[in-house]
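Right, one structure below, let's go through it.
The values are calculated or read from the model by the stated rules, or taken from the named source; none is laboratory data. Note that the coordinates shown come from a computational prediction; the quantities given were computed from them, not determined experimentally. For neighbour counting, all protein chains shown are included, and Cβ atoms are generated from backbone atoms with ideal geometry for every residue, glycine included. SASA here: full protein model, heavy atoms, side chains in, ligands and nucleic acids out. Shrake-Rupley method; radii C 1.70, N 1.55, O 1.52, S 1.80 Å.
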Amino acid sequence: MNFDEIIDRRGTHSDKWDMMQAKYGVSPEDGIPMWVADMDFRPPACVTEALIGMTQHGVYGYYGDDAAYRAAIQWWMQTRHGWTVEADAIFTTHGLVNGTSMCVDTWTAPGDAVVLFTPVYHAFARVIRAAGREVRECPLVNTAGRYEMDFDAYDALMTGNEKMLILCSPHNPGGRVWTKAELEGVADFARRHDLILVSDEIHHDLVMPGQRHIAMPHIEGIADRLVMMTATTKTFNIAGAHLGNVIVPDAKLRAQFAARMGAMGISPNSFGLFMAEAAYSPEGAEWVDALCAYLDGNRQLFESGMQAIPGVRAMPLEATYLTWIDFAGTGMAAAEYTGRVERDARVVANHGPTFGTGGESFLRFNIATPRARVQEAVERIQTAFVDLQ
């Protein structure tokens, strides 16, 4: 659990490190990548040991009998989230972007609309539009630097063409942990407009100390239209496994999803299954607890550093390792503050407008990297805005 270890990821086909020159014009030789949502930490030793066991065996055939894998998921959800999952409710997809596309394909048709509370994870809108569906944006309300939902306003935006709502819980990029009352409001909204509710909870394990994530199945009256999406990949930094779970509590919806999975011929990657089964364990749980404590230290460092720049505000991070920084108070155009961060500080972050309405004045920074690198990023960015001091 040495999260301070500097691991050189350059030249390893890392999207985060090796693609920032092509995409942002910042060299990995002196740049700090804080964009792609993976961590610069090694996963828990139990995950690496599982892979070593595979390589020592030396035969990489088809994976069979996934009962132990399903049992590991059931154990994790029960012990960490108080959620009882039926083994038959679990479907394994090639990551949760693929899971999202499968949900859109199963329960909507071309021309239908899918509701998003924006700004939100950019892949949702990309998948929806690529499938020939319409994105119905319901903008979150920024109340004193904290996102809230306005269901009266959202009701007025509905046209009757909406068939699905995708919720990001905890929220990416705003870092909100939704309260029980807010989740009940989401459930009421989905029932009121007869929407399938897809709850993407990929960040549900990455919660800051003092915060409590509530899994959507704990909300009453939603099980008949609820689809859950979870994964080990974000929690344990094994995103390259491209493994995710779509968990469908309702038997009717389950049969519909199973039919689409069968028609698509989807089967999981055995490497990912071995890693996930090893991760969902007491050793994995101990690692996650240490990780969240470390991320909280990075959060405090980065938030305080950004708040020290006049006109720059960090949205308080309650979960995830993705900080949402608002540059509106600087009075600068997006090209100006983005240029200062990328060109002058040589730090790469995600551009806010890609997350939809409400993201126009923001950048998203990934703080899941050794603390010394976070400190360096803070110092570089502060220097890039030194004229405001």
| Scanning for something out of contact with any helix residue (DSSP H, G or I) (no Cβ under 6 Å at 6 or more places or on another chain) and closer than 29 Å to Leu116 by Cα, does segment 366-384 turn up at least one residue? | yes
| task | Name every residue in segment 332-382 that is of a type in the set (Val, Ile, Thr) and farther than 24 Å from Gln300 by Cβ, in order of residue number. | result | Thr338, Thr354, Thr357
| query | How about segment 55-91: which of its residues are surrounded by fewer than 20 Cβ atoms within 10 Å (Cβ to Cβ), of a type in the set (A, V, I, L, M, F, W, C) and under 17 Å from Val248 (Cβ atoms)? | reply | Ala87
| query | In this structure, does Val246 turn out to be in contact with a Phe, Trp or Tyr (Cβ under 6 Å, 6 or more places away or on another chain), modelled with pLDDT of 95 or more and either farther than 24 Å from Ala45 by Cα or open to solvent by 20 Å² or more (accessible area, probe 1.4 Å) (or both)? | reply | yes
| Could you count how many residues in segment 190-236 are in contact with an Asp or Glu (Cβ under 6 Å, 6 or more places away or on another chain), open to solvent by 10 Å² or more (accessible area, probe 1.4 Å) and closer than 18 Å to Leu322 by Cβ? | 2
| Just checking, how many residues over segment 144-167 are touching a helix residue (DSSP H, G or I) at 6+ places or on another chain (Cβ under 9 Å), open to solvent by 10 Å² or more (accessible area, probe 1.4 Å) and not in a loop (DSSP other than H, G, I, E, B)? | 4
| note | Within segment 9-28, restricting to residues that are of a type outside the set (S, T, N, Q) and not in a helix (DSSP H, G or I), the one that is farthest from Phe41 (Cα to Cα) is Gly25
| message | Checking His94 against (1) modelled with pLDDT of 95 or more; (2) open to solvent by 10 Å² or more (accessible area, probe 1.4 Å); (3) in contact with a strand residue (DSSP E or B) (Cβ under 9 Å, 6 or more places away or on another chain): exactly one of these is not met. Which one? | response | (1)
| Top-ranked residue of segment 125-143 - restricted to ones that are assigned to a helix (DSSP H, G or I) and open to solvent by less than 60 Å² (accessible area, probe 1.4 Å), ranked as nearest to Gly358 (Cα to Cα) | Ala125
| remark: Being in contact (Cβ under 8 Å) with a residue 60 or more places away in the chain and of a type in the set (Lys, Arg) narrows Arg225, Arg260, Arg212, Arg192 down to just Arg260
| Residue ID - most open to solvent (accessible area, probe 1.4 Å), chosen from residues in segment 313-334 that are closer than 17 Å to Ile367 by Cα and over 18 Å from the mean Cα position of the chain (by Cα) | Arg313
| request: Identify all residues within segment 111-124 that are of a type in the set (Asp, Glu) and open to solvent by less than 10 Å² (accessible area, probe 1.4 Å); write none if there are none. | output: none
| What pairs can you find where one residue is in segment 233-245 and within 18 Å of Gln74 (Cβ to Cβ), the other is among the acidic types (Asp, Glu), and their Cβ atoms are less than 8 Å apart, with a gap of 6+ or different chains? | Thr235/Asp205
| Hey, does segment 61-71 have a residue that's acidic (Asp, Glu) and in a helix (DSSP H, G or I)? | no
| message | Just to be sure before I move on: is Glu283 open to solvent by 30 Å² or more (accessible area, probe 1.4 Å) and out of contact with any His (no Cβ under 6 Å at 6 or more places or on another chain) in the structure I sent? | response | yes
| remark: Exactly one of Thr159, Thr118, Thr143, Thr106 is without any contact (Cβ under 8 Å) to a residue 24 or more places away in the chain and among the hydroxyl-bearing types (Ser, Thr, Tyr), and that residue is Thr143
